Structures are given as C-alpha cells and as structure tokens.
1. Scan region 5-24 and tell me whether some residue there is under 23 Å from L124 (Cβ atoms), touching a Leu at 6+ places or on another chain (Cβ under 7 Å) and modelled with pLDDT under 95.
2. I'm trying to understand the selection: among the residues of region 1-59, which are hydroxyl-bearing (S, T, Y) and within 20 Å of the chain's Cα centre (by Cα)?
3. Select, from E30, E110, E114, the only residue that is part of a helix (DSSP H, G or I), within 22 Å of P9 (Cα to Cα) and of a type in the set (D, E).
4. Counting only residues that are within 13 Å of L167 (Cα to Cα), surrounded by fewer than 17 Cβ atoms within 10 Å (Cβ to Cβ) and touching a residue at least 40 places away in the same chain (Cβ under 8 Å), how many does region 119-132 have?
5. Being at pLDDT below 95, within 20 Å of the chain's Cα centre (by Cα) and of a type in the set (A, V, I, L, M) is the requirement here; does M198 meet it?
6. State all residues of region 1-57 that are within 20 Å of S185 (Cα to Cα) and of a type in the set (V, I, T); if no residue qualifies, say none.
7. Could you tell me which residue of region 27-52 is farthest from A127 (Cα to Cα), considering only residues that are touching a helix residue (DSSP H, G or I) at 6+ places or on another chain (Cβ under 7 Å) and crowded, with 16+ Cβ neighbours inside 10 Å?
8. Identify, by number, the condition in (1) within 20 Å of L203 (Cα to Cα); (2) in contact with a strand residue (DSSP E or B) (Cβ under 8 Å, 6 or more places away or on another chain); (3) free of Cβ contacts under 8 Å to residues at least 40 places away in the same chain that N166 doesn't meet.
Amino acid sequence: MRCAYCHNPDTWEMNGGTLMEPSEIIEQYEKNRPFYANGGGLTVTGGEPLMQVDFLIELFTLAKEKEIHTCIDSSGIAFNPGSDIFMAKLDKLMTLTDLVMLDIKHIDPEKHRELTQQPNENILKFAAYLDEKHVDMWIRHVVVPGITDDDKYLYELGYFIGQFHNLKALDVLPYHTMGEKKYQSLGMEYKLKGVPPMDQSKLLDKKKVILDGIKAKRAEAAQ
C-alpha cells in the first residue's frame, strides 16, 4: 500500500528493520510480562505483517504455548485467495490468532485506489474470510477531511461490516499531519500537503454514520 496519509513511509522498504527470531520476541515479552495489564498480549504490525506469514506462524505458535493473546494489525492487502499455498498457511495462522485489527481505508473501489494506489477487493474479501474463520475483528478507519469523511461512504462502510458476526469493535481515527515532517526529512512528496487535521469535535458524528450503517444491515438481516 502507498496510503497518501501514511505517517511511516520508512516502513515501505521491505528489507528494512531489525532481524529477530520469534524466540527472541517471546523472551523479551516474558521479561516484561509483569508490567502488562491483565497479562498483556502480542500485536504484530508493520508495514504489512501478512507479508511474513511463515514467521507469524512460528511466533504465534510460541505465543500460544505461553498463553499470550495474539493480534494482527493489518491492511488486508496481502490477502491472496487465488493462492492455495498462501491460503493453507493463512488458515494455520488463523488458528493461532485471537484478534485481527483490520484497516479499511475506503469502501469505494476507485477512491480506495486513488488513496492507496491499490484495489480494495481482496481487503473486503479478507474481512469476510475472518468472519468465516470466527476470528475476532476490530475495524479501523481513518477520517481524512475531504477524502474519507463523506457520509455516503461512511454509511456504506458500516453497512458492509454490519454483516459480520465477528465484528468486536470499531475505531474511527482522526487524520493528523504528524507524518509531514518525516516526508520532508526523507526527501519525499507529501501528497496531502495542505489538508488540515480532522476536527476532533466532528469525529463522533462521523462514527455515528458508520454505526447507523451497521444497524441498518443488522436490522435487515433480522427480518
């Protein structure tokens, strides 16, 4: 993905970061476990964690042996239902996953492509897949003034996710401009330059539109 509002473009480089073995991560977790509220948990994010499914299977297998809650924070872009090999690995990973936090950038296919340079078809299919696998799902949506704040599309987003029985939470996040300086330091063009931060006072109203869509879908299904 190349989200216009991404505030971590430094994660786009696939060979960046620090190499670690799954066992090292679990060791670090165990050292700090006493400080985690209610036992804590392990969340993998990115970049896109589903680009490293083999690693996640190994990591989450070790985590489950230690009774550690496991969460994947994903954009869903790596979901590839056309690959039997990928799907077999993903099926295995889902048996080790307690929660998926799924970012849906835009519900409209064309506007999603404009915003991220990628289609959203498989992302939406990934949401349905998680429901089929009975993996808890937490939807996240960033509200960007003039781009993702249209009530029509917010309602459609709610109507779409309202069909899923595994939907456990909805995060509606305000767009901020904290990444703009990072783009400058990296010598990259910031595509949303001039777009103001989302007005926090309007955020609850935008979330209500999504919730209205969810309620409408569920009411329809109950008839």
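The values are calculated or read from the model by the stated rules, or taken from the named source; none is laboratory data. Given the structure is predicted, the values throughout are model-derived calculations rather than measurements. Reconstructed Cβ throughout: ideal geometry from the backbone, glycine too, with neighbour counts over all protein chains shown.
1. yes
2. Selection gives Y5, T11, T43, T45.
3. Working: E30 fails: within 22 Å of P9 (Cα to Cα); E110 fails: within 22 Å of P9 (Cα to Cα).
Residue meeting the stated conditions: E114.
4. Result for region 119-132: 0.
5. So M198 fits the description; yes.
6. T11
7. In this case the residue turns out to be L42.
8. Condition (1) is where N166 drops out.
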